[in-house]
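Report on one structure; see the data block that follows.
The values are calculated or read from the model by the stated rules, or taken from the named source; none is laboratory data. Given the structure is predicted, the values throughout are model-derived calculations rather than measurements. Backbone-built Cβ (ideal geometry, glycine too); neighbour counts: all protein chains shown. The area values use the complete protein model at the heavy-atom level, side chains included, leaving out ligands, DNA and RNA. Shrake-Rupley method; radii C 1.70, N 1.55, O 1.52, S 1.80 Å.
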Amino acid sequence: VKKIKSAVVFITSHGMYEASINGKRVGDAYLTPGWTSYNKRLQYQRYDVTNLVSTGQNVVGVTLGNGWYRGIIGFSNNKNTYGSDIALLFQMHITYTDGTTALVISDDTWKSSVGSITYSEIYNGETIDARLEQNGWNTVSFNDSNWSGVKVGNFGYANLISTENEPVKMQEKLTAKTVIVTPKKETVLDFGQNLSGWVSFKVKGKKGDTITIYHAEVLDKNGNFYTDNLRAAKAQTTYVLKGDGEEVFEPHFTFHGFRFIKVEGPIALKAEQITGVVIHSDMKQTGTFTCSDPLITQLQKNIQWGQRDNFLDIPTDCPQRDERVGWTGDAQVFSMTAGFNYDVASFYTKWLKDLALDQQPNGEVPNII
């Protein structure tokens, strides 16, 4: 058996993907391959996976979700904006210590199945039924004899481009500041800060126990959980327990804009069991501001949080309701401030290339890109 010197993977998908090799996650990017005008520009990502492969047998596993490609997006519950399929394109370059090379590609030898994610939409959230988990599905020891084959599609490669902006990554984790029982007797956790991302939590319970987490930006004037401003976006994640000791849950192909969460289910969760995960494009901070007036200092802090919450692969108008799209006016008005706060050169460059390609024949630019 030849010894591997290096292994590099190139991946993209229709929909979103999360890849693993021998059960370990490939890379630390989220919501990949990002959002572009897919029919004209589809990004692929490159990962050095030398530390994940081993001599002998290896297993590649990829989970696919709807994402922006075919999920609900826009203002009228539109689906299949770019296509109705989900698909994977995968290529691994292996270099051995003797100088020879090999390719592993996504072809008709691959197998597929469904897993524990039973529903996933950006606006509405995700449902994970841990009872459907196929333990060890992405490891060498798994028996995939019951899995189906795959269909090889031919979409061409003309629209493939390398990724030039920073990926979306986990930036920090927040613990809930307070637990509130509202006048309606709902259990609500307050993170003390609006954020874009999701919550992860650890829980023990019985098989079939179901926990639903709702997300909101504000409470109403009576102190009750308020979601009317989310419009059609359900913004909820649901978990069904397999009842096998401590379980850890977090979504994969969705995100929420929130400060408060409401927890429903037969298990009383404590604040320390729940973590708020902040995600945004991995741009580097370039500007800071403080002054003698705490209100003005806080105003600048709010502006930076607003940027972080909305610079999620594209510059969005909001991260919470059934919108979250690239309004050209918002992105232009804020661009100078954005550039003072963070290094947004590659972030804007990537998005403006989509803008150029989405221009009308007469040069007119659509409201959203």
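For the range 162-290, what's the relative contact order in percent, using C-alpha pairs closer than 8 Å and at least 6 residues apart? Mind showing how you got there, number by number?
Details: 269 pairs, mean separation 54.3, N = 129.
Computed over the range 162-290, the figure is 42 percent.
Using a Förster distance of 22 Å, how high is the FRET efficiency between Met170 and Lys301, based on the Cβ-Cβ distance and rounded to 0.05?
On the way: r = 20 Å, r/R0 = 0.92.
Rounded to the nearest 0.05, the efficiency is 0.60.
Taking 35 Å as R0, compute the FRET efficiency from the Cβ-Cβ separation of Asp244 and Phe155 and round it to 0.05.
Numbers: r = 40 Å, r/R0 = 1.14.
In this case the efficiency is close to 0.30.
Within straight-line reach of Lys40, meaning a Cα separation under 21 Å, sit the following lysines at least 8 residues removed in sequence or on another chain: Lys79, Lys350, Lys353.
Hey, with R₀ at 51 Å, roughly what FRET efficiency would Asp108 and Thr286 work out to, going by the Cβ-Cβ distance, to 0.05? Write down the numbers at each step before the final one.
Working: r = 48 Å, r/R0 = 0.94.
Rounded to the nearest 0.05, the efficiency is 0.60.
Could you state the number of Å between the C-alpha centres of the range 123-193 and the range 48-67? The two parts, judged by their Cα centres, are 17 Å apart. Extension gain, Tyr96-Ala345: 0.36 nm per intervening residue step, less the Cα-Cα distance, totals 85.9 nm. Asp317 contributes about 40 Å² of solvent-accessible surface, heavy atoms of the protein only, 1.4 Å probe.
Applied to the range 132-137, the Karplus parametrisation 6.51 cos²θ - 1.76 cosθ + 1.60 on θ = phi - 60° returns per-residue 3J(HN,Hα) values of 8, 4, 9, 4, x, 4 Hz, with x for Gly and Pro. DSSP loop (so not H, G, I, E, B), at most 14 other Cβ within 10 Å: list which GluC sites (Glu not before Pro) in the range 260-369 pass both filters. Answer by residue number: Glu364. Using the structure shown, list the pairs from Lys207/Lys270; Lys234/Lys301; Lys234/Lys270 with a Cα-Cα distance above 26 Å, or answer none. Correct reply: Lys234/Lys301. Taking θ as phi - 60° and the Karplus parameters 6.51, -1.76 and 1.60, the scalar couplings of the range 77-82 work out to 6, 5, 10, 6, 4, 10 Hz in sequence order, x denoting glycine and proline.
How large is the translational diffusion coefficient of the range 265-369 in µm² per second when you combine the Kirkwood radius over alpha carbon pairs with Stokes-Einstein at 20 °C and 1.002 mPa s? Kindly include the intermediate steps, with their values, before the conclusion.
On the way: Rh = 15.9 Å.
It comes out at roughly 135 µm²/s.
Run the numbers on the chain and let me know its relative contact order in percent, using alpha-carbon pairs under 8 Å that are six or more apart. That works out to 17 percent. Taken one residue at a time, the phi angles of the range 35-49 give Karplus couplings (6.51, -1.76, 1.60, θ = phi - 60°) of 10, 9, 6, 4, 5, 10, 9, 10, 6, 10, 10, 10, 10, 7, 10 Hz. Gly and Pro are set to x.
Using a 1.4 angstrom probe on heavy atoms only, work out the carbon and sulfur share of the accessible area of the range 211-369 in %.
Values: 3890 of 7440 Å².
It is 52 percent, rounded to a whole number.
Given the choices (i) 22.3; (ii) 25.5; (iii) 24.6, Kirkwood radius over Cα pairs in Å derived from the coordinates of this structure is entry (i).
Using only helices, what value at 222 nm comes out for the chain when you add -39,500 (n - 2.57) per DSSP H run of length 4 or more and divide by the total residues, to the nearest 500 deg cm²/dmol?
Working: 4 runs with 49 residues, N = 369.
Rounded to the nearest 500, it is -4000 deg cm²/dmol.
Protein heavy-atom surface of the range 65-115, 1.4 angstrom probe: 50% of the accessible area is carbon and sulfur, with nucleic acids and ligands not counted.
What accessible area per residue, rounded to a whole number of Å², is obtained for the range 1-64 using a probe radius of 1.4 Å?
On the way: 2720 Å² over 64 residues.
Accessible area per residue, the range 1-64: 43 Å².
Tell me, what % of the accessible area of the range 144-204 is carbon and sulfur with a 1.4 angstrom probe? Carbon with sulfur: 49 percent of the solvent-accessible area. The overall shape of the range 1-95 is prolate: from the C-alpha gyration tensor, with semi-axes ordered a ≥ b ≥ c, the ratio a/c is 1.5 or greater and a/b exceeds b/c.
Keeping all protein chains in place, calculate the accessible area per residue for the range 106-153 (probe 1.4 angstrom), answer in Å². Kindly include the intermediate steps, with their values, before the conclusion.
On the way: 2860 Å² over 48 residues.
In whole numbers, the range 106-153 has 60 Å² accessible per residue.
When the surface is traced with a 1.4 Å probe over the full set of protein chains, Leu352 keeps roughly 80 Å² accessible. Local charge for Arg324 was computed over the other residues whose Cβ lies under 15 Å away, with Lys and Arg +1 and Asp and Glu -1, and equals -4. In this view, the solvent-accessible surface of Tyr38, computed with a 1.4 Å probe and all protein chains in place, comes to about 10 Å².
Using only the Cα atoms of the range 124-189, build the gyration tensor, take square roots of its eigenvalues as a ≥ b ≥ c, and label the shape rounded, prolate or oblate: rounded if a/c is under 1.5, else prolate if a/b is larger than b/c, else oblate. Walk me through the intermediate numbers first.
Values: a/c = 2.63, a/b = 1.52, b/c = 1.73.
Here the range 124-189 falls in the oblate category.
Of all lysines in the structure, those lying under 28 Å Cα to Cα from Lys2, and not within fewer than 8 positions of it along the same chain, are Lys24, Lys111.
Note down the relative contact order for the range 1-143 as a percent, whole number, built from C-alpha pairs under 8 angstrom at least six residues apart. Mind showing how you got there, number by number?
Values: 273 pairs, mean separation 42.5, N = 143.
Relative contact order for the range 1-143 comes out at 30 percent.
Looking at the range 245-308, the accessible area is 49 square angstrom per residue; that uses a 1.4 Å probe and ignores ligands, DNA and RNA.
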